[in-house]
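Heads up, the thing below is written out as structure tokens.
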């Protein structure tokens, strides 16, 4: 059975890994300084032992992004994935400013409530920028850092210029379009055949959650994640693994080398035959590198 809080269209999932992860999504009320009301936060936890791994998804995504990677990591380590504030299936309460500051605050209190020990923090795409921001603000919570085709060296959002009435609603409806999402999905993979109907359902399921478009507008209006300066990234003391698809058509490949130069204790590993989402396209290889890094 699927959790009752997921949209009914979850029944359209067809791949075993998608169905299994959706069935394992849990909710927890997280008290934060952001609101008098606790934020009902969705997450997945699998495995036990070792240093906990915490997975952070990309822009306009959810924990379902890790449907192929999380079970592989959970074989050896306690592994978590969480829906960031304003994204996925986590509640979007009124009165909260959906911004990078709010996101890392919420993430910290999620960590403090449920995990309570330093983690291997893994961020993919925009999740990489969120992971960098979190590590710089709460270094005591992060033992090691993993960036997967990470954002963070280019600031702003291309949607920002449309985020004023009435174009803000138009922009989110544009992003909601199945054709637009399919085009983005195909660009993310080196092998576009992986952009299946099941993948499309995983990528769009959270769009049916209440206030999805309002939170997306608010986050974009906040400016999103600014580009991190090299001198800021130089403050990261944690060992860092940079994983990058060798055929990334979303961010390209130049930023991988720039991150390697900017973060002191870092190593760069290219994921062969992969685009922007190696955790979906080459999950076995990606998991192998992360688990070896954990050890």
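The values are calculated or read from the model by the stated rules, or taken from the named source; none is laboratory data. Keep in mind that this is a model prediction, so the values were computed, not measured. Every residue, glycine as well, gets a Cβ built from its backbone with ideal geometry; the counts of neighbours run over all protein chains shown.
Observations
- Filtered residues of the range 184-201 (kept if crowded, with 18+ Cβ neighbours inside 10 Å and part of a loop (DSSP other than H, G, I, E, B)): 189, 190, 195
Per-residue answers, yes or no, for (1) under 25 Å from residue 143 (Cα atoms); (2) surrounded by fewer than 23 Cβ atoms within 10 Å (Cβ to Cβ):
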| position | (1), (2) |
| --- | --- |
| 80 | yes, no |
| 85 | yes, no |
| 90 | no, no |
| 93 | no, yes |
| 102 | yes, yes |
| 105 | yes, yes |
| 110 | yes, no |
| 113 | yes, yes |
| 117 | yes, yes |
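- Being in contact with a strand residue (DSSP E or B) (Cβ under 8 Å, 6 or more places away or on another chain) and either exposed (fewer than 15 other Cβ atoms within 10 Å of the Cβ) or on the phi > 0 side of the Ramachandran plot (or both) holds for only one residue in 16, 38, 71, 3, and it is 3.
- Out of 64, 84, 93, 55, sole residue that is under 15 Å from the mean Cα position of the chain (by Cα), in a loop (DSSP other than H, G, I, E, B) and closer than 25 Å to residue 212 by Cα: 84
- Qualifying residue in the range 130-137 (condition: in contact (Cβ under 8 Å) with a residue 24 or more places away in the chain, in contact with a strand residue (DSSP E or B) (Cβ under 8 Å, 6 or more places away or on another chain), in a loop (DSSP other than H, G, I, E, B) and more than 24 Å from residue 204 (Cα to Cα)): no
- Residue match in the range 115-124 (condition: in a loop (DSSP other than H, G, I, E, B) and within 27 Å of residue 251 (Cα to Cα)): no
- Filter result for the condition that a residue is modelled with pLDDT under 95, buried (at least 19 other Cβ atoms within 10 Å of the Cβ) and either under 21 Å from residue 67 (Cα atoms) or out of contact with any helix residue (DSSP H, G or I) (no Cβ under 6 Å at 6 or more places or on another chain) (or both), over 204, 227, 256: 204
- Restricting attention to the range 16-26, the residues being in contact (Cβ under 8 Å) with a residue 40 or more places away in the chain and either in a helix (DSSP H, G or I) or over 19 Å from residue 74 (Cα atoms) (or both) number 5.
- Candidates 284, 235, 267, filtered to the one that is more than 30 Å from residue 94 (Cα to Cα), touching a strand residue (DSSP E or B) at 6+ places or on another chain (Cβ under 8 Å) and either surrounded by 14 or more Cβ atoms within 10 Å (Cβ to Cβ) or modelled with pLDDT of 95 or more (or both): 267
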